[in-house]
Amino acid sequence: MQALYADPRVPRLTGRVKRMALPRPARRLMKDRRTGLAVPRLGKPWKTHGAAPFTSKQVLPAVRGGRLRGMLVTCPLPIMEQKSPRDTALLAARWTLNHHPKGSKISWLASQRVKTGWMLVYRVKYGKHSSRAAVVVMDGGMSKPGLAFVTVPDSQRKRWRDIGRVVSGVRVLG
């Protein structure tokens, strides 16, 4: 955790970060048996896509002239699990910076406990642009907790509301 707080790209998560009012969860789910999680199957324009290196992946179509696109992925936790789900989610959020442009910095929007884990919603700023993103770390009953990660760039800001649908809809299978 010391390395996390030494990283200038990730600010401390303080008590000022609010809870998020979660929308009603989606009915259609995409099951990921490797993580033990089910995530919402998002409607058009989202499409399922080749998952590698993740275990499931949904993407938004690319915007003309833009190289970034929204994506929702699940995978077994790619980092070492910490003692608290909150700390694990913080490190997972830092790990997601690998999937954003160089020079990205996080600012926290929401943080709260979910049924068997923790959820963080945050803004990622890079240059003149930004993305909204979220991670949900849950114990799906597998050897490692599952990670659901969603990010949507500002070029597709009409889809930012889907982030709330995702974080409210992540469930444990079974």
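Is it the case, given these coordinates, that residue 15 is open to solvent by 70 Å² or more (accessible area, probe 1.4 Å) and on the phi > 0 side of the Ramachandran plot? No; evaluated as a whole, the condition is false for this residue.
Each row is one residue, and each column tells you yes or no for (1) surrounded by 24 or more Cβ atoms within 10 Å (Cβ to Cβ); (2) closer than 14 Å to residue 32 by Cα; (3) out of contact with any helix residue (DSSP H, G or I) (no Cβ under 8 Å at 6 or more places or on another chain).
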site: 134; (1), (2), (3): yes, no, no
site: 142; (1), (2), (3): no, yes, yes
site: 150; (1), (2), (3): yes, no, no
site: 153; (1), (2), (3): yes, no, yes
site: 173; (1), (2), (3): no, yes, yes
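Here residue 75 meets the list (1) touching a strand residue (DSSP E or B) at 6+ places or on another chain (Cβ under 8 Å); (2) assigned to a loop (DSSP other than H, G, I, E, B) almost entirely, failing just condition (2). Taken across the stretch 108-117, residues that are open to solvent by less than 70 Å² (accessible area, probe 1.4 Å), basic (Lys, Arg) and either at pLDDT 90 or above or closer than 22 Å to residue 140 by Cβ (or both) do not occur at all.
Residues in the stretch 85-109 that are of a type outside the set (D, E, K, R) and in a strand (DSSP E or B): 106, 107, 108, 109. Can you find a residue in the stretch 13-29 that is touching a strand residue (DSSP E or B) at 6+ places or on another chain (Cβ under 9 Å) and modelled with pLDDT of 90 or more? Looking for residues that are touching a strand residue (DSSP E or B) at 6+ places or on another chain (Cβ under 9 Å) and modelled with pLDDT of 90 or more, one finds at least one in the stretch 13-29, hence yes. Comparison of 82, 112, 58 shows that the only residue that is in a loop (DSSP other than H, G, I, E, B), touching a residue at least 12 places away in the same chain (Cβ under 8 Å), among the polar types (S, T, N, Q) and out of contact with any Cys (no Cβ under 7 Å at 6 or more places or on another chain) is 82. Here residue 64 passes the criteria (1) part of a strand (DSSP E or B); (2) within 21 Å of residue 155 (Cβ to Cβ); (3) open to solvent by 80 Å² or more (accessible area, probe 1.4 Å) except the one numbered (1). Give the stretch 93-109 a look and list any residue that's in contact with a Leu (Cβ under 9 Å, 6 or more places away or on another chain) and in contact (Cβ under 8 Å) with a residue 60 or more places away in the chain, or say none. Result: 93, 94, 104, 105, 106, 108, 109.
Just wondering, is there one or more residues in the stretch 155-170 that are free of Cβ contacts under 8 Å to residues at least 60 places away in the same chain, under 15 Å from residue 10 (Cα atoms) and either open to solvent by less than 40 Å² (accessible area, probe 1.4 Å) or more than 13 Å from the chain's Cα centre (by Cα) (or both)? No, the stretch 155-170 contains no residue that is free of Cβ contacts under 8 Å to residues at least 60 places away in the same chain, under 15 Å from residue 10 (Cα atoms) and either open to solvent by less than 40 Å² (accessible area, probe 1.4 Å) or more than 13 Å from the chain's Cα centre (by Cα) (or both).
The values are calculated or read from the model by the stated rules, or taken from the named source; none is laboratory data. All figures in this text were calculated on a predicted structure; none of them were measured in a lab. Cβ coordinates were reconstructed from backbone atoms using ideal geometry, including for glycine residues, and neighbour counts include every protein chain displayed. Surface areas here come from the heavy atoms of the whole protein model, side chains and all, with no ligands, DNA or RNA. Shrake-Rupley method; radii C 1.70, N 1.55, O 1.52, S 1.80 Å.
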